[in-house]
Every structure is written in C-alpha cells, then in structure tokens.
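None of the figures in this text is laboratory data; all of them are computed from the coordinates on show. Worth saying up front: this structure is predicted, and the values here are computed from it rather than measured. Every residue, glycine as well, gets a Cβ built from its backbone with ideal geometry; the counts of neighbours run over all protein chains shown.
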Amino acid sequence: MKRILTTTLLGLHVFANKAHAVALANPLGQNKVDPNQIIGNIIKSGLSFLGIVALVMFLYGGLQMFFSRGDDKKIKQGRDTIIWAAIGLVVIFSSYALVSYVLAFITTL
C-alpha cells in the first residue's frame with residue numbers, strides 16, 4: 001500500500017512539472033464580441049441540430065415502412081413520419097432563412 005501511494009505521488013509530481021500553458025483559440029471567432037452575432041450563431045447552430053433531427057426522422061420513417069411486412073397500419077405510420085419530417089424541414093429552412101435575413105439587417109444598422 002505504501003509503495004502504491006509513493007508511486008502515485010511521484011507520478012503526480014512528474015506530471016505537475018511537465019505542465020505547460022496552452023493557448024486556446026476563441027470559440028466565438030476572432031474579435032467577435034457583438035452580442036447579435038453570438039446569439040445568431042447560437043440560433044443557427046440550434047437550427048442545424050434540428051436539421052439533423054429531421055434527417056433521423058426521415059430514416060426512422062423509412063425503416064418503419066421497410067420493416068412493416070405489408071401491414072397497412074405500419075406503412076401509414078411510416079409515411080406519416082416522413083410527411084411530418086418534411087414539414088418540419090420546411091419550417092427549419094424557413095426559420096433559418098428568416099434568422100439569416102434578420103441578422104443581416106441588424107448587423108447593417
């Protein structure tokens with residue numbers, strides 16, 4: 001037990017002496033401190049994530065239809081999933097365009 005403790009403390013001492021400062025890049029971009037741009041980037045990232053969710057729903061609806069084994073109820077359920085995913089995608093693209101337009105307008109003021 002004493003040997004494990006000594007080895008651990010020696011290892012921590014060696015790693016503590018090897019620590020160097022690391023320069024991190026600004027995740028918001030260079031000289032981007034405008035709150036409008038930061039909020040716009042957050043909204044655009046959220047809408048991009050929703051686009052990924054819509055893609056997953058398309059795949060899920062297709063798999064529902066694929067594995068339906070001829071059951072009309074499951075085929076209709078898969079088709080409805082795909083239709084609602086398409087409607088969601090239209091809403092996502094519309095809101096993305098609207099946000100881009102509004103942010104472009106705000107940043108020109």
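The table for this structure:
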| item | result |
| --- | --- |
| Filtered residues of segment 66-109 (kept if of a type in the set (A, V, I, L, M), surrounded by 16 or more Cβ atoms within 10 Å (Cβ to Cβ) and more than 30 Å from Ile39 (Cβ to Cβ)) | Ile82 |
| Of all residues in segment 51-65 being aliphatic (A, V, I, L, M) and surrounded by 15 or more Cβ atoms within 10 Å (Cβ to Cβ), the one that is farthest from Leu98 (Cα to Cα) | Met65 |
